[in-house]
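Read through the structure below, which is laid out as structure tokens, and then see the notes.
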Amino acid sequence: MRWTKSALKARISDIIGNRQLIIATNREPYIHIYKEGKVEYMRPVGGAVTALDPVMRVCNGTWVAHGSGAADKEVVNKKDEIRVPPEDPQYTLKRIWLTKEEENGYYYGYSNKGLWPLCHMAYTRPEFEEIDWAYYKIVNQKFADTILNLAKHKKTFVWIHDYHLTLLGKMLKEKNKKILTANFFHIPWPNPEAFRICPQRKEILEGLLANDLLGFHIRYHCANFMETVKLDLEARIDNEKTAVVYGGHETLIRAFPISVDFDEISKIAESGETKKTVRHIKEQFSISPETFVMIGLDRIDYTKGIIEKIQAVDRFFEKFPEYKEKVVFIQKGGLSRIHIGAYKDLNEEINNLVENVNWKHSTKKWFPVIFVRKHMARKEIVALHKMANACLVSPVHDGMNLVCKEYVAAKNDLDGTLILSQFTGAARELEGAIFVNPYDREGFADAIKEAVILPKEERMRRMKNLRKTVKENNIYKWAGTFLEELKKI
Ligand code: F6P
């Protein structure tokens, strides 16, 4: 059976039974903002929300998340809830409000100055401040109190996501043993030696091991997690079952490679409106029909290898100047976590680098790098994918990476090449990509050349294979297999 939206819809009540489904993430799927005095909404770009929104549209549960938009309070009801997607409501979003201090300590501090660099090992030193940890616990408790309230009179399954909420499973179980809980960890789990430096590692591991099911993208992260537990806790590791028993409670550890809504993206890519948007973008950037277009789409984050990618583009034009005016690289970069020093510095570094590379290679009528900062609507992103001859995905470390899968889903015409970092979870699935080590500038520049000269037949053969993989292993399969695993508990 191929998992599709309708297949998940047909099976969901059998899988969840009479339990209500609550999911908990830090980031909300829809953010309400003020624009020119009016309330509007936007969809954030992070992997977790991109993947979970289509699933929630099918499962119709409650999504609990931090209400971070300036206009968020204006649109909710008395229970702080709003039905979403706003244009076609299908599930409930329940917003949790955080004070500036809480957001600073829990989100910017412990989650993103501590756990994020710790788990990605991207040579950015993690910082663990006691005050941030205190706020991290307060906010996890805030989520727990809200969810316990919702679960008072109903059998409930709580699906927790990511590194922001590692303590939530334990907090829920301590107050209500009947709640089933699972956590899906969207970022890599590092090796035990790396995790060892975390002063709060015992509490974090205990928080995660209170869940009934714990998911990672790939088996390698599951193995790292089990090794970490072995090193730090008196727990029984059941390798046969891939489970951990701690304090008499068993947690199943499983790999579920996350994905995208292949059918939906394909459909958008085929639409007449997308073709129009492609024309519009090409006009806007003065791109001629013969130009070979390469794209990159990332949150501006040091794990995404944006610097490495632009340096590789620079090296490509140094080594192969005959491609000047024939190849262009469009990088869309959304600002992220800007109150953190490392992100501010990175942003500045990117600005300088783009300016230098453009100054160095530009001609009277051409720039090699077009850096787009503005927020793009979904249809514009699909259009960018559709028009791109190559997509450059170059994280120095990434749990999965969905940009590469979105690119593949949008290439109905099969005419495109994926250049993919070997340090992404996706690299384990996406055979047919040209693989690069983003730290190897020379090799990366050669890979770009390879993509530019790849014969059409070979390009199409590769893309066909990639599409087959992503079509089969789509987001509904990820959600369906995760939830079915839970049914066994
Ligand atoms: O892939 C999921 C993810 O990387 C999360 O781990 C992360 O929280 C999110 O995307 C994007 O970051 P933020 O929510 O901080 O904008």
Roughly how many Å is it from the Cα centre of segment 134-211 to that of segment 227-297, as a whole number? 22
Whole angstrom only: what separates the Cα centroid of segment 371-420 from the Cα centroid of segment 314-337? 15
How high is the FRET efficiency between E273 and E101 when r is their beta carbon distance and R₀ equals 51 Å, given to the nearest 0.05? 0.70
Is the shape of segment 29-184 best called rounded, prolate or oblate, per the rule: a/c under 1.5 gives rounded, else a/b larger than b/c gives prolate, else oblate, with a ≥ b ≥ c the square roots of the Cα gyration tensor eigenvalues? oblate
About its Cα centre, the chain carries a charge dipole, from +1 on Lys and Arg Cβ atoms and -1 on Asp and Glu Cβ atoms, whose size in debye to the nearest 20 is 1380
Between the Cα axis of helix 5-16 and the main Cα principal axis of the chain, the angle (0 to 90°, nearest 10) is 20
With angles folded into 0 to 90 degrees, how steeply does helix 441-453 sit against the dominant principal axis of the chain? Use alpha carbons for both and round to 10. 70
Any idea what the alpha-carbon Rg over 2.2 N^0.38 Å comes to for segment 262-472? 0.95
Relative contact order as a percentage, segment 153-282, C-alpha pairs under 8 Å and 6+ apart, gives 21
Where the Cα pairs of the chain fall when distances are cut into 10 Å bins, in %: 4, 19, 30, 27, 15, 4, 0, 0
For segment 163-296 (alpha-carbon point model, no solvent) the Debye-based log₁₀ I(q)/I(0) at q = 0.18, 0.20 Å⁻¹ works out to -0.94, -1.14
Calculated [θ] (222 nm, deg cm²/dmol) that DSSP helices of n ≥ 4 give over the chain, each run adding -39,500 (n - 2.57): -13000 deg cm²/dmol
If the limit is 27 Å between Cα atoms, which of K78/K100; K73/K405; K152/K488; K78/K177; K78/K155 go over it? K73/K405; K78/K177
Beyond a 30 Å Cα-Cα separation, which of these cross-linked pairs lie in this structure: K79/K202; K154/K304; K282/K449? K79/K202; K154/K304
Using Cβ contacts closer than 10 Å as the measure, can you line up V245, V393, V327, V139 from fewest to most? V245, V327, V139, V393
Taking 8 Å as the Cα distance limit and 6 or more residues as the minimum spacing, I'd like the relative contact order of the chain as a percentage. 14
Helix 341-361 versus the longest principal axis of the chain: what is the Cα-based angle in degrees, 0 to 90, to the nearest 10? 10
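None of the figures in this text is laboratory data; all of them are computed from the coordinates on show. Just so it is clear, the structure is predicted and the values come from calculations on it, not from any experiment. When we count neighbours, we look across all protein chains shown, and the Cβ atoms used for this are built from the backbone with ideal geometry, even at glycine.
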